[in-house]
Amino acid sequence: MSKFGTSQPITRLEDRRFLTGQGRYVDDIAPEGSLVGYVLRSAEAHGTITALDVDAARQAPGVHLVLTATDLARAGLTNAMRFSVVKTTDGSKPATPARPVLAEGRVRFVGDPVAFVVADSLTQAKDAAELIALEIDSLPVKLDLAPGGATIHPEAPDNLVYDFTMGELDATRAALAGAAHVVTHTSHDNRIIVGSLEPRGCYAEWDGARLHLAFNGQGVWGAKGDLILWFGLSPEAVRVTNPDVGGGFGMKAMGYPEHFLVAHAARSLGRPVRWMSDRTEAMLSDNAGRDLDVTTTLGFDADLRLVAFQTDSLSNMGAYVSQFGQNIQSALYSKVLTGTYDVQTYHFRNRGVFTNTTQVDAYRGAGRPEAIYALERAMDFAARQLGVDPLELRRRNFIARDAFPYRSATGELYDVGDFHRVLARAAHEADLTGFDGRKAASMAQGKLRGLGLCYYIESILGDPAETATIEITQTGARVYVGTQSNGQGHETVYAQLLHDQTGLPLDAIEIVQGDSDQIGNGGGTGGSRSVTVQGMAMRATAETLIAQLCAFLDRDMDQTDTMFDAAEGVFRAPGSNVVVTLLEAAARARAAGQSALTKATETRTLPGRSYPNGCHIAEIEIDRDTGATRVARYTVVDDFGNLMNPRLAEGQVHGGIAQGIGQAISEHVVYDETGQLLTASFMDYGMPRADDVPFIAFHTESVPSTANPLGMKGCGEAGTVGALAAVANAVQDALWPLGIRQVDMPFTPARVWSYLQQGEAIAAQ
């Protein structure tokens, strides 16, 4: 095994460029002399536009263009963005009001785009925007997460977007009625702001025949399709690129109004136009994450085995339906609805609700963290109510190892798993036997200590197909991939994969991504799919390339049965002492006029999805005087199947856990009663800091997947899927002896202090 190949924990190759300031981020590489765009956004959460006069702005110094909804109509452009919909319970079409690129007639959230100003400088664009006479008559604001209230869209008079169900309601009710024990738990999954290191931005160029949009997203093909459709251009007339991207986390996976506005401005003016969000603007306009209420009911038999499972949830859509918004808490949530537990009788209902807030869409995990959070909170609550060890309740209900492949109640085919083994390893690594001692030590310091666990499972999602092209150059190899790195380390792990098959040194392998002109198709990044799907396509492509060159060398050297030694990166033939390197073979093919043999392309489709799983165990401390809550210990044991790079996998888990701890402890979006965002800066929004995250003990217990030839399971989102419930259950554990039976994220000092006061009131009764 090569020390640079797969399964080796080498550091990220791309870090050298990032750490020395050589990254190519969209706002750094915009064409020199680009005009600058600025979005005028609504300061009202809900209201009717009664006046919109942009004449003075158009005459302002340095201004080249001001766009409103009227201008888009005059240009023959549809003032609406695309989104996907889910199938409703009765088969009817869900509410599908248009999401405008620029507000038309009405604004529906603070931050709703109203006009777009393009000027020589950002200062001039902002100054001009202040000259726009915008009058809005306020309308009642709806913020609560429930049907009814002030109507936001006529198409949804009760603000209900859709009503999605799965399972058998009557059978579930009957099973619950006959259960020996029934436990119901409610939870709120708080709204968060994604807060990527690099805010959203883009630039566009038009040369008179072709449009080029560069944006910091999670793939180029969706955006290209949007622009083709919106402008009525041919595919050949549109190029979309993604340069280096400073974090996406699902929030950058979809279209936004600014992409269309910048592209239209560049076409209209015949000059490059750029736009970059500032942090407050991002907090107002980026799609948010989570924000749902869930009621979970579990039915157990006398032996505490699950016999029925029911979930009813309400999810916040925000003011409009975003691109994937309807799917997140319905179809995607259902993928892991019943988790790792052997229960087949179930019913799941999810309703989406409009509110006068920013849209809610995908955030790291996209439905799976939400499902696991609700389920694992309910399982822990049930264990406490029923007087059984939380680990034991899970053991009794795990899908047995010999039951795989296992068809879950919602139709997912879990290929492999050994949940008992992973849980046992986690209990050992977390030193559960020593918890009582650590709890006593905390109590001696006037602190409460709690222990919480979460056993999660998730499903890799996204396009199951991917294409790879490999080209042997004079100095190494160039690999064209349809995925898109947002900081995960793709350049490293893809180079490792090709090194294994070719023997080429890592620094001789160039990874090309994010350019619709160079790559025929691709699924971008999202759903923990990239390395599994792209790696499979790369392996097939390398095999084809090697086979082509073997056949060529047979002819070129008048020999037979040429073989390739990947470990040494050379071709050999039986009975011959001639050795030809890969680069030499490619050079011979080019010299013979057969350059086509130095390049190969293959497409592969996953035969099935894989299901990463694992156990997170958190210990928290609560200061009884202040309510301050600290994550004191954190242990995770993951089953990711075969690891392509253990160090990168661990880094992904660390990042996901940090985001989960952030949501659990400090992150929370707050609006006032008028719909104004009160958490619109990092001074007001509680992003996790380094001292909020303890040392994370990371371990693996791998059961290789049978659903792909690499035997791997995606790891990109696993950290967030497990962290939420682990921390929340630890807080619940600490507060349970005080009589507190309901706790909800975020566990800020103020909220936890209020729980402590409730505990004192209970004790005084």
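The values are calculated or read from the model by the stated rules, or taken from the named source; none is laboratory data. A quick note: this is a predicted structure, and the numbers were derived from the prediction, not measured. Note that each Cβ is placed from the backbone with ideal geometry, even for glycine, and that neighbours are counted across all protein chains shown.
What the table below lists for this structure:
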quantity	calculated
Complete set of residues in region 654-696 that are of a type in the set (A, V, I, L, M, F, W, C), outside any loop (DSSP other than H, G, I, E, B), under 22 Å from the mean Cα position of the chain (by Cα) and buried (at least 17 other Cβ atoms within 10 Å of the Cβ)	657, 658, 661, 664, 665, 696
Of all residues in region 223-282 being out of contact with any Phe, Trp or Tyr (no Cβ under 6 Å at 6 or more places or on another chain) and of a type in the set (Val, Ile, Thr), the one that is surrounded by the fewest Cβ atoms within 10 Å (Cβ to Cβ)	280
Members of region 700-719 that are in a loop (DSSP other than H, G, I, E, B) and among the hydroxyl-bearing types (Ser, Thr, Tyr)	702, 705, 706
Residues being within 20 Å of the chain's Cα centre (by Cα) and either surrounded by fewer than 24 Cβ atoms within 10 Å (Cβ to Cβ) or in a helix (DSSP H, G or I) (or both) - total across region 338-358	0
Candidate set from region 490-527 (those that are touching an Asp or Glu at 6+ places or on another chain (Cβ under 7 Å) and assigned to a helix (DSSP H, G or I)); member that is surrounded by the most Cβ atoms within 10 Å (Cβ to Cβ)	492
Filter result for residue 123 (more than 29 Å from residue 225 (Cα to Cα), among the polar types (S, T, N, Q), surrounded by fewer than 16 Cβ atoms within 10 Å (Cβ to Cβ) and assigned by TED's automatic domain parsing to the domain that holds residue 225)	yes
Flag if residue 27 is within 30 Å of residue 207 (Cβ to Cβ) and not β-branched (Val, Ile, Thr)	yes
Selection status of residue 649, assigned by TED's automatic domain parsing to the domain that holds residue 373, among the hydrophobic types (A, V, I, L, M, F, W, C) and without any contact (Cβ under 8 Å) to a residue 40 or more places away in the chain	no
Selection from region 8-23 of residues that are surrounded by 14 or more Cβ atoms within 10 Å (Cβ to Cβ), of a type outside the set (A, V, I, L, M) and either assigned to a loop (DSSP other than H, G, I, E, B) or in the same structural domain as residue 130 (by TED's automatic domain parsing) (or both)	8, 12, 14, 23
Residue in region 325-337 that is crowded, with 22+ Cβ neighbours inside 10 Å, of a type outside the set (Val, Ile, Thr) and in contact with a Pro (Cβ under 9 Å, 6 or more places away or on another chain) present	yes
Elements of type strands (runs of 3 or more DSSP E) in region 206-278, at least 1 residues being in contact (Cβ under 8 Å) with a residue 40 or more places away in the chain and among the basic types (Lys, Arg)	238-241, 273-276
Output for region 708-744, where each listed residue is among the hydrophobic types (A, V, I, L, M, F, W, C) and surrounded by fewer than 24 Cβ atoms within 10 Å (Cβ to Cβ)	710, 735, 736, 738, 740, 743
Condition met for residue 84 (in the same structural domain as residue 242 (by TED's automatic domain parsing) and either in contact with a helix residue (DSSP H, G or I) (Cβ under 8 Å, 6 or more places away or on another chain) or not in a strand (DSSP E or B) (or both))	yes
First in region 474-501 and more than 20 Å from residue 567 (Cα to Cα), second anywhere and among the basic types (Lys, Arg), Cβ under 8 Å, 6 or more apart	483/529; 486/252; 489/12; 491/12
Set 75, 45: member being in the same structural domain as residue 280 (by TED's automatic domain parsing), at pLDDT 95 or above, over 25 Å from the mean Cα position of the chain (by Cα) and within 30 Å of residue 243 (Cβ to Cβ)	75
Residue 56 being under 30 Å from residue 315 (Cβ atoms), out of contact with any Pro (no Cβ under 7 Å at 6 or more places or on another chain), in contact (Cβ under 8 Å) with a residue 40 or more places away in the chain and not acidic (Asp, Glu)	no
Of all residues in region 612-653 being more than 19 Å from the chain's Cα centre (by Cα), within 26 Å of residue 193 (Cβ to Cβ) and of a type in the set (S, T, N, Q), the one that is surrounded by the fewest Cβ atoms within 10 Å (Cβ to Cβ)	626
Region 25-74 - residue that is among the acidic types (Asp, Glu) and closer than 30 Å to residue 673 by Cα and, of those, surrounded by the fewest Cβ atoms within 10 Å (Cβ to Cβ)	53
Test: residue in region 149-170 that is over 30 Å from the mean Cα position of the chain (by Cα), closer than 29 Å to residue 332 by Cα, without any contact (Cβ under 8 Å) to a residue 40 or more places away in the chain and outside any loop (DSSP other than H, G, I, E, B)	yes
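Rundown of residues vs (1) touching a Ser or Thr at 6+ places or on another chain (Cβ under 8 Å); (2) over 30 Å from residue 707 (Cα atoms), yes/no style:
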position: 602; (1), (2): yes, no
position: 607; (1), (2): no, no
position: 626; (1), (2): no, yes
position: 640; (1), (2): yes, no
position: 644; (1), (2): yes, no
position: 647; (1), (2): yes, no
position: 651; (1), (2): no, no
position: 654; (1), (2): no, no
